Structures are given as C-alpha cells and as structure tokens.
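Notes to accompany the following structure.
None of the figures in this text is laboratory data; all of them are computed from the coordinates on show. What you are looking at is a predicted structure, and each value in this text was computed from that prediction instead of being measured. Note that each Cβ is placed from the backbone with ideal geometry, even for glycine, and that neighbours are counted across all protein chains shown.
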2 protein chains.
Amino acid sequence: MGSSKTILFSNSQNQLAEFAKALGHPARIAILQELIKRKCICGDLVEILPLSQSTISQHLKALKAAGIIEGEIEGTKVCYQIKEDSWNMAKTLLNTFLKNPLDCC
Amino acid sequence: MGSSKTILFSNSQNQLAEFAKALGHPARIAILQELIKRKCICGDLVEILPLSQSTISQHLKALKAAGIIEGEIEGTKVCYQIKEDSWNMAKTLLNTFLKNPLDCC
DNA sequence: TTTATCTATCGTAATATTACGATACAAGTG
DNA sequence: CACTTGTATCGTAATATTACGATAGATAAA
C-alpha cells in the first residue's frame, strides 16, 4: 500500500487530484510564483528559496511531471518556465471544480 | 526529513499548499463531491467508494484536519458535512492564487 | 586542455501517506 | 442485560515524499 488506487476513480477526479497534489507543497507554490514573474534557471531558485539545490531540482521535477512547467536547456543551464497550455488547462479544471464541483467530474 | 519545512515559507503559501494537499487524492475529491450533494455518514461513503471503512475514515480525518468538513455525532453515527465558512475561505484563497498568483501570497 | 559552472541523479535517512483487517468503544435496540 | 450498529483507532505493511550531501556529466570559459 502507500500508493493511491487511482484506477478506482474517474479521470477527472484523478487529474484534479494530481494537479492539486503538485500544488500541495509551499516550495512548489513559491517556485510557480517566481516562474510566473520570470523564467528561471534552477540556480535562481536556489538563491531565493531556503532549500538545497538537489531538493529544488526534485520539486522542479515534480512540477514538470505534472505538466505545469517545462525546462529548456541553455548551455549548462536549464531555463524553466510555465507551460502555458497545460497550466491553463489545470487552472480551468480546478476552477471548474471549485465553482461547480459536481459538473466537472 | 520527509517533513515539509513550512517554517521557511509565508502563511499564505503554507495555507494554500495545505488546502491543495487535502484535495490531492481522488478519494477525497469524491468524498467532497458527495458531501456537496448531501450530508453523509461514514457508512454512506463506504457504500459509494471502493475503499475500506478504515481508509475512508482516514480520508475524512484528513479533510477535517484541513478544516474543510466537520462531523456531528448522531447516536452511533457521525454525520459529515462541508464546513461552509472554511471551505469558502479555502476556495477563495485558491481561486485568487489561480487568477493572480502574485497578489495572493 | 584544464577549469569552472550548472543541474540531474544517486545514496541515504526520516517522516508521511495510503490501505487494510482487527478491535475497542459508544450508543441505540431487543 | 445482551446484541447490533457505526465509527475511530490501533497495528501493520508497502510505498511516497521531503530533504540533504556527494557526485557525475555536460557545457562554457580560461
């Protein structure tokens, strides 16, 4: 156990939960806020956030896995930015749920 | 480790993350949807959801801890319902973040 | 080429989450 | 009183998450 039984729920319920889970850590909220302001390399976020480089890299990986951000390689750096289409889709899904919880899933 | 360093982030960021985390499981999404339709005792949810009674009780505990629902004892049963004020506050906070991620935290 | 920079990943550890069955407790029912 | 019902909690187990330091690998700079 320890893993969610996602097979037993609807796609919308799973998508919604997955997106909410991605937002479910203050560091990832902070990262998103910074990425909304400007594109960042991992090092920028390391300077801002009180967490180690490896930990921030993990959080970036989680946001990337959820489809919310994307990274573009620029030399030795990786430039992260919001992935607008998926981010908008996620926002719409969550907004719909908050406004009309029964019509969305 | 394994626990979030909440001390290092703002109250809003932590609140937002905590609320999102509560929504971060499809079973809890499903429970919320049912509770929005009608008040439920734990047993009602056990019939609807493909999870055991103890597991559902745990999810209810998580939603209660996040302040989203409340339970009222009625004899041997506990009648759960949305805690409207906190739920509205949580929705507002999340909505604000989704619309204006920088103005809210 | 050597060196510096940047990031992902590995290894590790602590803690949290998810899930289930079993059980205990409380409150009605007979 | 004994019995049923409903739920929370305990015990347990598997897996996930969070966090860090160390390191490897890739690229840019000297």
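Things to note:
- Calculated label separations, residue B:92, copies of the chain, 7 Å along the beta-carbon direction, nm: 2.8
- Here the Karplus curve 6.51 cos²θ - 1.76 cosθ + 1.60, taken at θ = phi - 60°, turns the phi angles of segment B:7-12 into couplings of 5, 8, 10, 6, 4, 5 Hz, with x standing for Gly and Pro.
- Computed about the Cα centre, the dipole magnitude for segment A:1-85 is approximately 220 debye when only Lys and Arg (+1) and Asp and Glu (-1) carry charge, each at its Cβ.
- Distances between equivalent label points of residue A:55 across the copies, with each point positioned 7 Å along Cα→Cβ, amount to 3.2 nm, shortest listed first.
- Here the protein assembly as shown is treated as an ellipsoid with the same Cα gyration tensor; its semi-axes, largest first and in whole Å, are 33, 17, 16.
- Segment B:11-97 gives an Rg/Rh value of 0.98, both radii derived from C-alpha positions and Rh following Kirkwood.
- Among the listed pairs B:5/B:83; B:21/B:61; A:5/B:39; A:37/B:99; B:21/B:83; A:64/A:91, those with a Cα-Cα distance over 22 Å are B:5/B:83; A:5/B:39.
- Computed from the Cβ-Cβ distance with R0 of 22 Å, the FRET efficiency linking residue A:36 to residue B:92 stands at 0.70.
- Considering helices alone, the calculated mean residue ellipticity of the protein assembly as shown at 222 nm is -17500 deg cm²/dmol, with DSSP H runs of length four and up weighted by -39500 (n - 2.57) and normalised per residue.
- Teacher prompt: residue A:4 distances to equivalent labels in other copies, 7 Å Cα→Cβ, nm: 1.4
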